[in-house]
Structures are given as C-alpha cells and as structure tokens.
Amino acid sequence: MSETEHDLGPLTFCADGPLDAVVARVAEATGAQPEPPRPVERTWLDSFDWRLFGAGERLVAEPGPEGVRLWWTRGERLHRAIDVPAAPRFARDLQGPAGVDLGKRLDVRALLPRVTVAGQAVPLQVRDGLGKAVVHVEVAALAVGEAALPVRVAIRPVRGHDDRARGASYALQQADLRPAEPLLEVALAAIGARPGDYDAKVELAFADDEPAQRAVRRVLRGLLDVVVANEAGTRDDLDSEFLHDLRVAVRKTRSVLGQLARVFPADAVAVHKEALRWLGQVTSPLRDLDVFLLDLPGFEADVGRLGAVRELIAERHATARDELVAVLDSDRYRETIESWRAFLAEDSAGPDGRAPIDAVVRARIRKLAKKARQGAAAIDAETPPEALHDLRKLAKKLRYLTELFASRFDPAAASDAAKRVKALQSKLGTLQDLAVQGPKVRGIAEALLARGDVDATDLMRAGALVDRLERKRLRLRDALAEGYDAQGLREAYKQLLGSHP
C-alpha cells in the first residue's frame, strides 16, 4: 500500500442498488474497465477478547490457492499475506516468523471466526494510455447470512499512482457514492455485535453519593456478565482462557462479597457466599490441569520430553473437562446463577448499604492495605508457607477492590497502587504454584510407576523436574524476602486514599 494512502481521501464507498447498476456507475465515473465477477468469502479471525482488533490489526481468511489465504493488516497496511491449508486455531499452527509474530498478540488464546461475509465481487481496472493498470477497484455485493449489506466499492492504489487513486476517489464522491464504514464493523452490526464487545475487566463510574449496596450490585452484575459470557467457550474447550476468565470473575465476586458484606443483609450474604464457594471448587480441577499443560513446554525445555507425563495429564484433563461440562449443564449451576442474578436485581441493604460507596470502599481498602504492607514488610527466610499463602490471598482482595472501584480515585494513583499490589500477588502466586507443582509431578510419576508400563527415562526426567521446581521455589523465596518494597506499597496506597477522580 502507498506510503501516502492516508492523503488520498476516502478509499472505500458504499451505494444502494443492485451490483450491476453500481458497477456501471463506478465505470462511468472513473473510466475503470470491469472484469468478470468472482465469488467472495471473507472471515475475520480474532480472539474472544479481540486482541488483534485492540492492537489495530485485522486477520481475514478467504479461499486461496493452497486452501486458505490469510490477509493480516496493521492499520491500513498489509503486514503479511499467508497461504495455508486451513485457517489456524492457535498462533502455534502457523510456521516460522508468522506464528511467532501472531503469538505475541494472542498468547494462548484461540483464533475464532468472528463474522463471515460472502457474495460476489466485480474487479475493475483504471488503466493508463499504455493499457497498464494504475488503480484497482472492487465492487462487491456482500451479505452476512441472509442480511444483505450495501454494495461496497474499494479503491486500491497501484504504487506510484496515488494521483490517479486520488482522482478515482474524487470521482466517486462526485457520483454521490458515500464513504463506507469499515466492513468488519458493518458486518458485525448486521448480526447485532460489535468489535471489542467482550472485556473481562469491569470498569464502572460511581456517583459521589451513590448508595453502597447499589454500586456494589452494579459491579457484581458486571462480573456475572463475564461468567456467563465465558460459559460456552469453557464448555466447548475453545481455549484455556475462557475457564480462566470465568474463574477470575467468580473469585472477584467472592472477594467483593466478602470484603463488602455489610452492604447487604447478612442472611443473603451467607447463602450466596456458599453457592459461589462451590462454584470456585468445581471449576478448580480443570483449571489446575490447564495450567500444568501450559507450563509443560517450559518443563520439557529444562529436563527433556515428558511423553508419559503429558499423556497422563491429557487423560486427566479430558476427564476433568467432562466433569465440568456436566456441572455447567446441571440444575444446581443454573439455579446458582439465576438465584444470584435475582439477588442482584433487588434493592435490599445491610448496615453499610445506604452509606456512600466512596466512604465504604475507602475504609475497606485502608484496612486491607495496612495488613498487606505489614505482611510484606515481615517476610523473611523463616516466614512459614501458610503465612505467605494468606498474604497472597490478602493482596488479591486488595487488588480487586482497587481495580473494581478505581474510578473513585485519581487514575494515576489507582494505576500505581494496583501495579504494586499486583507485583506482590504475582510473586507470591508464583511461589505458591511452585510449591504445588513439585508434589503434583511427584504424584504423577507415582501414578505412572503404579501402571507399570512407563519408560524409566520418563521417571528420571520427572524426578529431575521435581528437583528443579524445588530449587526454583527456594531461590524465589529468598529473593522475595530480600527484594519487595513494602514501603513503596504503603506510599502508593497513602497517595491513593488521599486522591479523588
């Protein structure tokens, strides 16, 4: 694409009427010569949370000479054109630099078909006096399912002929064709969707005098929406992040309900805390196995291929997924969700429920921040694992309140405080993971040994992995005892609590 394409004026137009009539208008206005029509089918691929779109990128799949051709654009520029046998599901399905590049955007998320348009397109060429094409034009009649879209006219400049493309754009404007919205947005709107319509973050604004029970209910409804949005992807095992986002939303819900319990009636809090605790428990086994499978390539880089270990984890993962699908299809799960939804539609209040949300949240954050700072400052080589585990849970609760009610504070102060407590939580979380992974690998090795058909090399590598995980845990523990800035956490929350939006 041209370096000066942004100076050319509109390059995509739309018009009402049948395809043939629009082609005739374009040919008359620009002098372009039509070519035979061709079928068109284009599918936009992106993750469920729109990571490519959020980065200003698009990945479009259409039939190609080797099966599928991928058009990957950044902004308005073509980044890569890739021919593959089939559309990839994960970044790792693309070989070479393209897969590495895509992996930087997607991480472990799957590529999903977000919307498909199909129809017929007529190419046209604007040619110079020697018969050379200087501007490519495409007129396309497309539909999303049964929903027909306005006919679209796209101009594609030939390098070195921006002036001719500029002239074609001007001619189409004079012919009363109107500039078109991006096709992705138009196609999604036809099915009642929009790009970026899912975000696991719940970010709300609150009035200064908004009653706490009403504000907290709004936050909890947002978290419930995240849970429900991830049900189908979790059930279908599209990628591991669906279950992760579902569990995080449940965890945040439990944390908010526990930390701000006094805004609601005590009996209701008790009932729903128990139901949400159950939901956290039944989703845990599959998530633990997801994490193990995600970590396995790194383990194998350290000790070599763990073939038998991988096979056993995959078997357990399949069983755990079937069990979780049964939970999601159960009456108990549906009743838990519907009962919670009904409660969030109420207007009942506890002792703090009618107080302004600002006062309630600040008071609770102040208490949690003090405990977190004291706990972080007390970490040393003798701190028992149980205390570190409790501090991690405390840091998580503090972070959730800071992020969910960030709009009550100065944005910079809220961001700094959240980053600092997240750093503490992350270090403690990694320590906890290492403490759990070693025994898990040992247990898997024992299960393989009990089967009697495992290669001795796999057992040796599993043993080496247990040793490496333990040594890594001890190094991280020592670094945490020496290197966490508890005073910085104290100052960040002091700044936060003295700030206002």
Projected onto their principal axes, the Cα atoms of the chain stretch, largest extent first, over whole-Å spans of 85, 67, 48
For the chain, the per residue accessible area (1.4 Å probe, Å²) is 49
Over all viewing directions the Cα convex hull of segment 349-485 casts an average projected area in nm² of 11.8
Once amide hydrogens are built 1.01 Å from N within the peptide plane, the residues lying 5 or more places from ASP46 or on another chain with amide H under 5 Å from its amide H are LEU112, ARG114
So ASP453 and GLU274, fully extended at 0.36 nm per residue minus their Cα-Cα distance, gain in nm 60.2 nm
Of segment 313-341, those with amide N under 17 Å from the point 7 Å along the Cα→Cβ vector of ASP225 are 341
Once normalised by the length of the chain, the mean sequence separation of its alpha carbon contacts under 8 Å that are 6 or more apart gives a contact order in percent of 14
With R₀ set to 30 angstrom, the calculated FRET efficiency between the beta-carbons of GLU470 and ARG92, to the nearest 0.05, is 0.50
Length gained if SER415 through GLU210 is fully extended, taking 0.36 nm per residue and subtracting the Cα-Cα distance, is 71.5 nm
Per DSSP, the loop-located GluC sites (Glu not before Pro) within segment 97-187 having at most 15 other beta carbons within 10 Å are GLU146
Carbon plus sulfur, as percent of the 1.4 Å-probe accessible area of the chain, comes to 51
Which of LYS419/LYS472; LYS367/LYS396; LYS104/LYS472; LYS397/LYS472 exceed 22 Å between C-alpha atoms? The answer is LYS419/LYS472; LYS104/LYS472; LYS397/LYS472
Checking segment 326-363 for trypsin sites (Lys or Arg not before Pro) in a loop per DSSP with at most 14 other beta-carbon atoms within 10 Å yields ARG354
Within segment 368-449, DSSP-loop GluC sites (Glu not before Pro) with at most 12 other C-beta atoms within 10 Å are GLU382
With the convex hull built on the alpha-carbon atoms of segment 77-152, volume per residue in Å³ sits at 157
Between GLU28 and ALA232, Cβ-based FRET efficiency (R0 35 Å, step 0.05) works out to 0.10
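The values are calculated or read from the model by the stated rules, or taken from the named source; none is laboratory data. Only a predicted model underlies this, so the values are computations on that prediction, with no experimental measurement involved. Because the Cβ atoms are built from the backbone with ideal geometry, glycine has one as well, and the counts that use them run over all protein chains shown. Keep in mind that these areas ignore ligands, DNA and RNA; they rest on the heavy atoms of the full protein, side chains included. Shrake-Rupley method; radii C 1.70, N 1.55, O 1.52, S 1.80 Å.
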